[in-house]
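Colleague: If you scroll down you'll find the structure; I have some questions about it.
The values are calculated or read from the model by the stated rules, or taken from the named source; none is laboratory data. Small disclaimer: the values here were computed from a predicted structure and weren't measured. Here Cβ is always computed from backbone atoms with ideal geometry, including for glycine, and neighbour counts include all displayed protein chains.
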Ligand code: ADP
């Protein structure tokens, strides 16, 4: 059976921290799907298609990585994709507490559906732990430069 991992997030935008987590998980999987969670009621700073194209540009040439958007429960998406693993990054204790609660909820939901999905964690790279999408958005909103936090940031289109 193929070993498939899903890295879910809103990725508004996808930062160098996210990129590093994907590259470090990749050798352990046959396939990694970067899954952009789309909530139709939520307003994103960057256009969804440009976020997808931006992420695709970062992993051009990596045949085992794909980028997809999904709506609804992450566990339902994992089951549709026959993925046994959810991949997450941890920066600090706040991430840990938040991620622990979500991992336990997902464990419960997936067990009920009879196909357990395991959540796996990697610690952030020590040089990237301060990067967060929300701070990057704040910098961009105030006309600051974000290129040291986001590779190929010129591909991102701001929603008007
Ligand atoms: P969400 O919208 O689900 O909060 P994020 O885009 O904030 O999604 O993050 C998705 C995942 O990436 C989470 O597991 C988060 O902890 C992780 N992450 C975010 N920034 C970094 C970083 N700088 N280094 C490592 N992991 C990170």
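Colleague: Pairs, please: C-beta under 8 Å, at least 6 apart or cross-chain, first residue closer than 22 Å to residue 6 by Cβ and in the stretch 113-136, second in a strand (DSSP E or B) and more than 10 Å from the ligand (Cβ to nearest atom)?
Modeller: Partner pairs satisfying both residue conditions: 117/85; 118/85; 119/85; 120/5; 120/85.
Colleague: Residue by residue through the stretch 10-42, note down the ones that are assigned to a loop (DSSP other than H, G, I, E, B), within 10 Å of the ligand (Cβ to nearest atom) and within 18 Å of residue 63 (Cβ to Cβ).
Modeller: The answer is none; no residue qualifies.
Colleague: Identify, by number, the condition in (1) over 16 Å from residue 11 (Cβ atoms); (2) within 16 Å of the chain's Cα centre (by Cα); (3) away from the ligand (no atom under 14 Å from the Cβ); (4) in a helix (DSSP H, G or I) that residue 56 doesn't meet.
Modeller: Result: residue 56 passes all but (1).
Colleague: Are any residues in the stretch 149-160 farther than 14 Å from residue 20 by Cβ, part of a loop (DSSP other than H, G, I, E, B) and in contact (Cβ under 8 Å) with a residue 12 or more places away in the chain, and if so, which ones?
Modeller: 152, 156, 157, 159, listed by residue number.
Colleague: For residue 69, work out the one condition from (1) more than 21 Å from residue 13 (Cα to Cα); (2) touching a helix residue (DSSP H, G or I) at 6+ places or on another chain (Cβ under 8 Å) it doesn't fulfil.
Modeller: (1)
Colleague: Here's something else I'd like to know. Suppose we filter 152, 127 for residues that are at pLDDT 95 or above and either within 12 Å of the ligand (Cβ to nearest atom) or closer than 19 Å to residue 25 by Cα (or both); which single one remains?
Modeller: Testing whether each residue is at pLDDT 95 or above and either within 12 Å of the ligand (Cβ to nearest atom) or closer than 19 Å to residue 25 by Cα (or both) leaves just 127.
Colleague: Go through the stretch 1-31 and give me each residue that's in contact with a helix residue (DSSP H, G or I) (Cβ under 8 Å, 6 or more places away or on another chain) and free of Cβ contacts under 8 Å to residues at least 12 places away in the same chain.
Modeller: none
Colleague: Hey, another quick one. Identify, please: which residue in the stretch 130-147 is away from the ligand (no atom under 11 Å from the Cβ) and assigned to a loop (DSSP other than H, G, I, E, B) and is, among those, surrounded by the most Cβ atoms within 10 Å (Cβ to Cβ)?
Modeller: Taking the candidates together, the pick is 146.
Colleague: Hey, another quick one. Please work out which residue is farthest from the ligand (Cβ to nearest atom), limiting yourself to the stretch 70-108 and to residues that are closer than 17 Å to residue 22 by Cβ and free of Cβ contacts under 8 Å to residues at least 24 places away in the same chain.
Modeller: By that ranking, first place goes to 99.
Colleague: Restricting attention to the stretch 59-80, and to residues there that are over 13 Å from the mean Cα position of the chain (by Cα) and surrounded by 18 or more Cβ atoms within 10 Å (Cβ to Cβ), which single residue is nearest to residue 113 (Cα to Cα)?
Modeller: Among those that are over 13 Å from the mean Cα position of the chain (by Cα) and surrounded by 18 or more Cβ atoms within 10 Å (Cβ to Cβ), it is 75.
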